[in-house]
């Protein structure tokens, strides 16, 4: 019997599942940003089946199967898909399951790129999201021996990388660094008229999980919302190697609360992707402040 009494219930459940889906997709993609794109693909796939919500008996497994297929499609695009050899599919019991789980939960999203996709899926679904081996079989369409082997080897590979320092990050484009630094300086100065001067006429804004806007006039209202608040400060930096505007609470020096990605063309801002309403996206990200 379905868990949903109406299509509205189904759509609300999809919204509530986004953070959980992101924990999976980000680790499979090795990037919190690419993971968010995969979550959107999975949501679109799920919404295409909204007219048959009443027949979905195991919603979690059904939705993660859609997400898993979206990930596999992306892996094929990247030419990274690497299925386990047959000789690796014997049943393996892992005596360090508790240790493996702790390592997986603490590991950065990018750490999971060290694992082949089958290992990645098994470790994330079991150790990060807490699904049973049987549920993992249902999501990944793998046999129980294959899942156990993937889990064992994935935990071991992740453990070996636990003390590996993060990659050194540098700016590939000094011009873009100067533009981002100028954007950040104007933001911190609350000089939003100067920030608005940096916008292209056809600039697009995505407030992830909330709304979208297009055109400089509309996006200025977004800047106005920040101008009316004083509890934040921003820095230039990187999120999973991508240049970003890092937003911090003014009273905290810990991790940022959220971030925004800025795209440029001919010195003007053409796209803003702000995660203010999707703060879960930062979980597990490698964040570096640029000085």
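The table below lists the values:
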| quantity | calculated |
| --- | --- |
| Filter result for residue 216 (within 29 Å of residue 17 (Cα to Cα) and surrounded by 15 or more Cβ atoms within 10 Å (Cβ to Cβ)) | no |
| Within segment 16-33, tally of residues that are in contact (Cβ under 8 Å) with a residue 12 or more places away in the chain and out of contact with any helix residue (DSSP H, G or I) (no Cβ under 7 Å at 6 or more places or on another chain) | 2 |
| Residue in segment 99-109 that is in a helix (DSSP H, G or I) and at pLDDT 90 or above present | yes |
| Inter-residue pairs, beta-carbon under 8 Å, first assigned by TED's automatic domain parsing to the domain that holds residue 115 and in segment 150-166, second modelled with pLDDT of 90 or more and loosely packed, with under 12 Cβ neighbours inside 10 Å, 6+ apart | none |
| Lone qualifier among 33, 66 - being within 21 Å of residue 259 (Cβ to Cβ), at pLDDT 90 or above and part of a helix (DSSP H, G or I) | 33 |
| Test for residue 270: is it surrounded by fewer than 18 Cβ atoms within 10 Å (Cβ to Cβ) and part of a strand (DSSP E or B) | yes |
| Residue in segment 194-211 that is assigned to a helix (DSSP H, G or I) and closer than 26 Å to residue 278 by Cβ present | yes |
| Out of 274, 231, 240, sole residue that is modelled with pLDDT under 95 and in contact with a strand residue (DSSP E or B) (Cβ under 7 Å, 6 or more places away or on another chain) | 231 |
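The values are calculated or read from the model by the stated rules, or taken from the named source; none is laboratory data. Everything numeric in this text was worked out from a predicted model, so none of it was measured. In this analysis, Cβ positions are derived from the backbone assuming ideal geometry, glycine residues included, and neighbour counts consider all displayed protein chains.
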